[in-house]
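Asker: The following block contains the structure, expressed as structure tokens.
The values are calculated or read from the model by the stated rules, or taken from the named source; none is laboratory data. Since the model is a prediction, treat every value here as computed from it, not as a measurement. Because the Cβ atoms are built from the backbone with ideal geometry, glycine has one as well, and the counts that use them run over all protein chains shown. To get the accessible areas, we keep the full protein, side chains included, count just its heavy atoms, and leave off ligands, DNA and RNA. Shrake-Rupley method; radii C 1.70, N 1.55, O 1.52, S 1.80 Å.
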Amino acid sequence: MRPPLVLTIAGSDSDGASGIQADLKTFTALGAYGASAVSMISAVNTHGLHGIHYLPGDVVRSQIDAVAEDLWIDATKIGALGSAAVVEAVADAVRAHRDRLGRIILDPVMVGSDGAALISAEGARALRETLVPLVDVLIPNMAEAAQLLGRPVATSIDEMRGQALALQALGPRIVLITGGRLVDDDAVDVLVHPGGTDLLRAERIPGRKVRGAGSTLSAAIAAQLARIEEFDRAGELGEIGEKGSDDDMATIVASAREFLASAIENAEEWKVSRRTRGGYGPLNHLITLDKS
């Protein structure tokens, strides 16, 4: 017996709002065990990025090797990598341990919430050419999808669908473009998979500036996929569907979006910053814990 296990390969954010910190909290909240490989270290708080330290590629690779050689991994979530050397090291590790990493989910973090660049131009190119073709699920936001394709940011759902299909043609079976920045009454995500295309709508949460939403969403999807693997090991059927087939992804994404929305809404009154104005608010990843 063991819990569903997710490996996150991402940056460490000092304020705990995003990156590995958000991933591990999300895994725990959704009943999964989290392991990690740190790709870079960000000095960041609710008011912005103060600095980034990029780790050498071999240091990142050694962490992945150590975990993959020992732990039973059901899903792997990849987030911010920062440099071409780290992207290539992670891609090499994925190829070396492909049968031990479970479903691989890539959140291609390129730009922070405050607009700061989080990956070099060479790193972005390496991401597209070496890592995107290796993953099962790709989850860019609209700006990241456009950057990966070398196109303008989509301005309509039809353009989002076209970009999702173009990204799917690069190798991932499943592509989810999140549409939080699309001007519309609702937040619209476009999901493409071998079975077709789904539009996922949710009511936009007004007035909240938050950081860590992308990390939390992709981590929640990874945790759901890991839980499906657990059901398969037990010879049972989970509520999400048998073996987490591609057709179930709309249900998985919808569930992850519900967790994200609740984490945002239930942090509305939280004040973690000493400053009284401005900055990005936190997410409440504790929402599934028993508060009695």
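Asker: Take the residues in the range 99-109 that are outside any loop (DSSP other than H, G, I, E, B), touching a residue at least 12 places away in the same chain (Cβ under 8 Å) and charged (D, E, K, R); name whichever of them is least open to solvent (accessible area, probe 1.4 Å). Show your work before the answer.
Answerer: We begin by selecting, within the range 99-109, every residue outside any loop (DSSP other than H, G, I, E, B); these are 99-100, 103-106.
Checking the rest, the ones that are also touching a residue at least 12 places away in the same chain (Cβ under 8 Å) come to 100, 103-106.
Then drop every residue that is not charged (D, E, K, R), which leaves 100, 103.
Values: Arg100: 113, Arg103: 50 Å².
Ranking the qualifying residues of the range 99-109, first place goes to Arg103.
Asker: Taking the range 1-25, which residues are of a type in the set (A, V, I, L, M, F, W, C) and either open to solvent by 10 Å² or more (accessible area, probe 1.4 Å) or over 17 Å from Ile287 (Cα atoms) (or both)?
Answerer: Filtering the range 1-25 for residues of a type in the set (A, V, I, L, M, F, W, C) gives 1, 5-7, 9-10, 17, 20, 22, 24.
Listed by number, the residues that qualify are Met1, Leu5, Val6, Leu7, Ile9, Ala10, Ala17, Ile20, Leu24.
Asker: Tell me, which residue of the range 192-215 that is closer than 25 Å to Gly162 by Cα and among the β-branched types (Val, Ile, Thr) is modelled with the lowest pLDDT? Walk me through how you get there before you give the answer.
Answerer: As a first pass, look at the range 192-215 and keep what is closer than 25 Å to Gly162 by Cα: 192-204, 213-215.
Restricting the remaining residues to those that are among the β-branched types (Val, Ile, Thr) gives 192, 197.
Numbers: Val192: 96, Thr197: 93.
Here the residue is Thr197.
Asker: Same structure again: When you look at Val60, is it crowded, with 21+ Cβ neighbours inside 10 Å, out of contact with any His (no Cβ under 6 Å at 6 or more places or on another chain) and at pLDDT below 95, yes or no? Give the derivation first.
Answerer: Values: crowded, with 21+ Cβ neighbours inside 10 Å: yes; out of contact with any His (no Cβ under 6 Å at 6 or more places or on another chain): yes; at pLDDT below 95: no.
No, not satisfied.
Asker: May I ask you to list pairs of residues, at least six apart or on different chains, whose Cβ atoms are under 6 Å apart, with the first in the range 144-165 being within 18 Å of Asp186 (Cα to Cα) and the second being of a type in the set (A, V, I, L, M, F, W, C) and in a loop (DSSP other than H, G, I, E, B)?
Answerer: Within 6 Å, the pairs are Met160/Ala154.
Asker: Quick one: which residue in Glu129, Glu122 is modelled with pLDDT of 95 or more and either farther than 23 Å from Ala220 by Cα or of a type in the set (Gly, Ala, Ser) (or both)?
Answerer: On the way: Glu122 fails: modelled with pLDDT of 95 or more.
Only one candidate passes the filter, namely Glu129.
Asker: Among the residues of the range 118-160, write down those that are farther than 18 Å from Val94 by Cα, among the small types (Gly, Ala, Ser) and either under 17 Å from the mean Cα position of the chain (by Cα) or in a helix (DSSP H, G or I) (or both). First the steps, then the outcome.
Answerer: Step one: list which residues in the range 118-160 are farther than 18 Å from Val94 by Cα, which gives 118-122, 140-160.
Okay, now just the ones that are also among the small types (Gly, Ala, Ser), so 120-121, 143, 145-146, 150, 154, 156.
Ala121, Ala143, Ala145, Ala146 - these are the residues of the range 118-160 that are farther than 18 Å from Val94 by Cα, among the small types (Gly, Ala, Ser) and either under 17 Å from the mean Cα position of the chain (by Cα) or in a helix (DSSP H, G or I) (or both).
Asker: Quick check on my filter: what residues within the range 153-181 are touching an Asp or Glu at 6+ places or on another chain (Cβ under 7 Å) and open to solvent by 40 Å² or more (accessible area, probe 1.4 Å)? Show your work before the answer.
Answerer: Step one: list which residues in the range 153-181 are touching an Asp or Glu at 6+ places or on another chain (Cβ under 7 Å), which gives 172-174, 176-179.
Answer for the range 153-181, where residues must be touching an Asp or Glu at 6+ places or on another chain (Cβ under 7 Å) and open to solvent by 40 Å² or more (accessible area, probe 1.4 Å): just Arg173.
Asker: Could you give me the residue pairs with C-beta distances under 7 Å whose first residue belongs to the range 255-267 and is more than 14 Å from Ala187 (Cβ to Cβ) and in contact (Cβ under 8 Å) with a residue 40 or more places away in the chain, whose second residue is in a helix (DSSP H, G or I) and of a type outside the set (Gly, Ala, Ser) wherever it lies, and which are 6+ apart or on separate chains?
Answerer: Hits for this filter: Ala263/Thr216.
Asker: Tell me, which residue of the range 1-32 that is under 23 Å from Arg61 (Cα atoms) and among the acidic types (Asp, Glu) is farthest from the chain's Cα centre (by Cα)?
Answerer: Asp13
Asker: Condition test on Val87, is it farther than 15 Å from Ser215 by Cα and surrounded by 21 or more Cβ atoms within 10 Å (Cβ to Cβ)?
Answerer: On the way: farther than 15 Å from Ser215 by Cα: yes; surrounded by 21 or more Cβ atoms within 10 Å (Cβ to Cβ): yes.
Spelling it out, Val87 is indeed farther than 15 Å from Ser215 by Cα and surrounded by 21 or more Cβ atoms within 10 Å (Cβ to Cβ).
Asker: Quick check on my filter: what residues within the range 216-268 are at pLDDT below 90 and polar (S, T, N, Q)?
Answerer: Ser245, Asn266
Asker: Same structure again: One residue is enough: does the range 42-49 have a residue meeting the conditions assigned to a loop (DSSP other than H, G, I, E, B), exposed (fewer than 15 other Cβ atoms within 10 Å of the Cβ) and at pLDDT below 95?
Answerer: Yes; the residues of the range 42-49 include at least one that is assigned to a loop (DSSP other than H, G, I, E, B), exposed (fewer than 15 other Cβ atoms within 10 Å of the Cβ) and at pLDDT below 95.
Asker: Here are some conditions: (1) over 30 Å from Thr276 (Cα atoms); (2) open to solvent by less than 20 Å² (accessible area, probe 1.4 Å). Ala96 meets all but one. Which one does it not meet?
Answerer: (2)
Asker: For the range 190-204, which positions are of a type outside the set (A, V, I, L, M), open to solvent by 40 Å² or more (accessible area, probe 1.4 Å) and in a strand (DSSP E or B)?
Answerer: Those that are of a type outside the set (A, V, I, L, M), open to solvent by 40 Å² or more (accessible area, probe 1.4 Å) and in a strand (DSSP E or B): Thr197, Asp198, Arg201, Glu203.
Asker: Looking at this structure, is Ile73 open to solvent by 10 Å² or more (accessible area, probe 1.4 Å) and under 18 Å from the mean Cα position of the chain (by Cα)?
Answerer: On the way: open to solvent by 10 Å² or more (accessible area, probe 1.4 Å): yes; under 18 Å from the mean Cα position of the chain (by Cα): yes.
Judged against the criteria, Ile73 is a match.
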